[in-house]
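The values are calculated or read from the model by the stated rules, or taken from the named source; none is laboratory data. As the structure is a prediction and not an experimental result, all values here were calculated from the model. For neighbour counting, all protein chains shown are included, and Cβ atoms are generated from backbone atoms with ideal geometry for every residue, glycine included.
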Amino acid sequence: MLLVPPPFDPELDVALAAAGPTVPSGPTLADIAALRALQESAAVGCDPTDGGAFTATDLTVPGPEGAPGVPLLVVRPTAPSRNGPRPVIYHAHGGGMVLGTNRAGLEVVLEWARELDAVVVSVEYRLAPEHPYPAGVEDVYAGLLWTAGHAGELGGDPERIVIAGASAGGGLTAALALLARDRQGPRALGQVLMYPMLDDRNDSPSAHQMAGVGAWDRTANETAWTAVLGEARGGPDVPAYAAPARATDLSGLPPAFLDVGSAETFRDEVVDYASRIWQAGGIAELHVWPGGFHGFDAFAPHTTLSRTARAARLAWLRRILAR
């Protein structure tokens, strides 16, 4: 059966066309070094203090046993707390687990921090292919352990930690929730999975539909998962902590917010993951944004669909933190 890609939202289509080849749909391993250099250049202009609204501190905290320390960026509002200890947003960045730093994607999380009077802790994990699974998720877990144990020192409430991430960071956030459940580690109040990267098998209808189209297609996905898992990618023995779509038990997890575009590779795996949370008796809110491509709201935040998606995430966070 011919799988025709769904159309992009008209505003997003214009923005994507204007960017042209600057948004590659399918980077390969050979492209990683150049893409990292571009990201490092872009990060130079990143101001985590948002013009003085926050203080930003770089820390290195204990990593997994036998591994290097884990870099954390801690961002706290400079104004006095509105109501006692602040909620904490623990953030894992995107980039296919092969790109990115703890400053990537921070602008979205700082929006939440401004609105919710929250502390942000953004973790920088080791990247593949130099550091394959389980390096990344173990770094993210080590950072959460430190954050939960030191939340009070940061002006945060250890009982109100929300874990969050986009794309690869969303997949790592889902894996973190599974790992914390199974190790009886810190339990998050909720998990925000923004177009998360969940399934190494890369074989869903949406993955085939979007091959060569939009941003982060099936080739890019295969590149990243192969970097993380090597020859095990797509095989029978991939653990759920590497690819959360492999999990057979999604019970006992924190309430989840999941969103994804209708016109992107990850659509079907995200919809399936939300469905299986419900089937396990869990709580999940799912949004499939019509005509959204991967990372659309970060790429074109001015568009109507992007503003709607961001408002929905913020509304969910308000409800979770009010419990």
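Details
- Taken over the stretch 143-192, the criterion of being among the small types (Gly, Ala, Ser), part of a helix (DSSP H, G or I), over 21 Å from GLY94 (Cα atoms) and in contact (Cβ under 8 Å) with a residue 60 or more places away in the chain is satisfied by ALA151, GLY152.
- Of all the listed residues (ALA240, ALA224, ALA256, ALA207), the sole one being out of contact with any Pro (no Cβ under 9 Å at 6 or more places or on another chain), buried (at least 22 other Cβ atoms within 10 Å of the Cβ), over 23 Å from THR308 (Cβ atoms) and aliphatic (A, V, I, L, M) is ALA207.
- Any hit, the stretch 207-217, residues being more than 19 Å from the chain's Cα centre (by Cα) and not in a loop (DSSP other than H, G, I, E, B): yes
- From the options LEU176, LEU229, residue that is buried (at least 24 other Cβ atoms within 10 Å of the Cβ) and within 29 Å of ALA33 (Cβ to Cβ): LEU176
- Scope the stretch 3-34; condition modelled with pLDDT of 80 or more and β-branched (Val, Ile, Thr); matching residues: VAL4, VAL14, ILE32
- Once the stretch 35-50 is narrowed to residues that are modelled with pLDDT of 80 or more and not in a helix (DSSP H, G or I), the residue that is surrounded by the most Cβ atoms within 10 Å (Cβ to Cβ) is PRO48.
- Criterion violated by THR248 - all others in (1) more than 29 Å from VAL120 (Cα to Cα); (2) modelled with pLDDT of 95 or more; (3) crowded, with 22+ Cβ neighbours inside 10 Å satisfied: (3)
- Residue satisfying all of: in the stretch 117-138; in a helix (DSSP H, G or I) and in contact with a Lys or Arg (Cβ under 7 Å, 6 or more places away or on another chain); nearest to PRO80 (Cα to Cα) among these: GLY136
- Put simply, of ARG267, ARG233, ARG218 the only residue that is at pLDDT 95 or above and more than 26 Å from ARG319 (Cα to Cα) is ARG233.
- Residue list for the stretch 66-100, filter: at pLDDT 95 or above, surrounded by fewer than 21 Cβ atoms within 10 Å (Cβ to Cβ) and at positive phi: GLY66
- Filtered by the rule that a residue be aliphatic (A, V, I, L, M), surrounded by 22 or more Cβ atoms within 10 Å (Cβ to Cβ) and farther than 18 Å from GLY51 by Cβ, the stretch 101-118 gives a lone residue, ALA104.
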